[in-house]
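Working notes, structure below.
The values are calculated or read from the model by the stated rules, or taken from the named source; none is laboratory data. All values derive from a computational prediction rather than experimental measurement. Backbone-built Cβ (ideal geometry, glycine too); neighbour counts: all protein chains shown. These area figures cover heavy atoms from the full protein model, side chains too; ligands, DNA and RNA do not enter into them. Shrake-Rupley method; radii C 1.70, N 1.55, O 1.52, S 1.80 Å.
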Amino acid sequence: MQVREVLDNEKELWNGFVAGHPTGDLLQSFEWGELKQRSGGWMPIRLAVMEGDRILAAVSLLKRKLPKVNKCIFYAPRGPVSDLSDESDRALLEGIRERASKEGAILLKIDPPIEDKTVIPRLVKGGFVGISDPGGFGGIQPRCVMKLDLTPSIDEILANCKPKWRYNIRLAEKKGVNVRFDCTRADLKTFYDLLLETARRDKFRIRGFDYYEAMWDTLVEPGYAKLFLAQYEGEAVAGALSFIFGDKCWYTYGASSNRHRNVMPNHLMQWRMIEWARDAGCVVYDFRGVSPMKDGQGDDHLSGLNRFKEGFGAEFVEYIGEFDLPFSRPWYWAWAIYGRYTAHRSHEEQ
């Protein structure tokens, strides 16, 4: 068993392992590292624990240099790809530490899609520090998500939707809403305009258009993402970018117009994407981030988001959260005081 870097000519080997792993996520794919290198100022470093020509555990590290100092940070989005419990994980961690020493990394940040909280004591014993996120939505990746099981028949999945959601899906169909599956790169600007409108309405920040162009080239063209547009009377009124990797699908970016909301385009668009994901062989449809206040208590501003996703029969899932592994305590202290807020503001959700 050895730890080594996986090279550009081993993309198929890497993606095969990540896509087939129970915790494998598109954000640990080879292409995601390429996207972040092209558009986000990160450099991907892909480390794997190998036994012969077989990968046992892996992590795609995104390296980012810190300004004015000869230091960097490591971030493993939705990584590492392992169960954080056996000998291969210990070997992977040692490999990460060695690479951190070589690169001058002051910390490693992880946010694995793992629900089992019994791994937390092992992380702490290994030197990781839990990052507090009482809101559940404020980290780089959401701690709380909703997932829909796609293994039942499509009729059973529809039957498990709330009655009002089934009504709204049929209403949109009756009103003539059409969901396009055949979007081209030229349609990306239409989606982005909807995203801008949504951001203004709901008061959140989005990336520049060039980021979505890079995403099209890196993820949509190879078949790991797809753009959907819902149209009413010839006008695009809702859109979404969904990711697909292995047997999992993620509803990642959604947008909607302020016009024609009464014809329920978002309900029909979600349903068409669920049908598409199931037809593509996916067993899980991940609606991604929701509020940890899953019952919509108090004045939680995300409660409507939870209700919308839950209406399709999705179940609330809470991951273990975000952890940092400091490699240098003094530098990490400085990062904690001066760097964390700036990084979270500039890196957005991914």
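Taking the listed residues LYS147, LYS125, LYS189, LYS162, the one that is modelled with pLDDT under 95 and charged (D, E, K, R) is LYS125, with no other qualifying.
Across the range 21-39, the number of residues qualifying as within 21 Å of ARG99 (Cα to Cα) and open to solvent by 10 Å² or more (accessible area, probe 1.4 Å) comes to 2. Tell me whether the range 194-203 contains one or more residues that are within 20 Å of the chain's Cα centre (by Cα) and touching a residue at least 60 places away in the same chain (Cβ under 8 Å). Scanning the range 194-203 turns up at least one residue that is within 20 Å of the chain's Cα centre (by Cα) and touching a residue at least 60 places away in the same chain (Cβ under 8 Å). Evaluation of TYR167 against the conditions (1) touching a residue at least 40 places away in the same chain (Cβ under 8 Å); (2) surrounded by fewer than 19 Cβ atoms within 10 Å (Cβ to Cβ); (3) over 20 Å from TRP250 (Cβ atoms) shows that the sole unmet condition is (1). Screening MET264 on (1) within 30 Å of VAL129 (Cβ to Cβ); (2) open to solvent by 30 Å² or more (accessible area, probe 1.4 Å) shows it passes everything except condition (1).
So that you can scan it fast, the table gives a plain yes or no per residue for (1) part of a strand (DSSP E or B); (2) modelled with pLDDT of 95 or more; (3) in contact with a Pro (Cβ under 7 Å, 6 or more places away or on another chain); (4) closer than 20 Å to ARG38 by Cβ:
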site: PHE204; (1), (2), (3), (4): no, no, no, no
site: TYR212; (1), (2), (3), (4): no, yes, no, yes
site: GLY223; (1), (2), (3), (4): no, yes, no, yes
site: LEU229; (1), (2), (3), (4): yes, yes, no, no
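Restricting to the range 259-300, and then to whatever is at pLDDT below 95 and among the acidic types (Asp, Glu), can you tell me which residue is nearest to GLU173 (Cα to Cα)? The residue in question is ASP295. Scanning the range 81-118 for residues that are surrounded by fewer than 19 Cβ atoms within 10 Å (Cβ to Cβ), farther than 12 Å from LEU47 by Cβ and in contact (Cβ under 8 Å) with a residue 40 or more places away in the chain gives ASP83, GLU87, SER101, GLU115, ASP116, LYS117.
Being basic (Lys, Arg) and modelled with pLDDT under 95 is a property that holds for ARG90. Determine whether the range 129-144 contains at least one residue that is of a type in the set (A, V, I, L, M) and over 30 Å from ARG272 (Cα atoms). Yes, the conditions are met somewhere in the range 129-144. Evaluating VAL69 against the criteria (1) more than 17 Å from ASP324 (Cα to Cα); (2) among the hydrophobic types (A, V, I, L, M, F, W, C); (3) crowded, with 19+ Cβ neighbours inside 10 Å; (4) over 18 Å from the mean Cα position of the chain (by Cα) leaves one unmet condition, (3). Contact map, the range 291-312: first residue at positive phi, second residue at pLDDT below 85, Cβ cut-off under 6 Å, separation 6 or more or different chains; pairs are GLY296/SER303.
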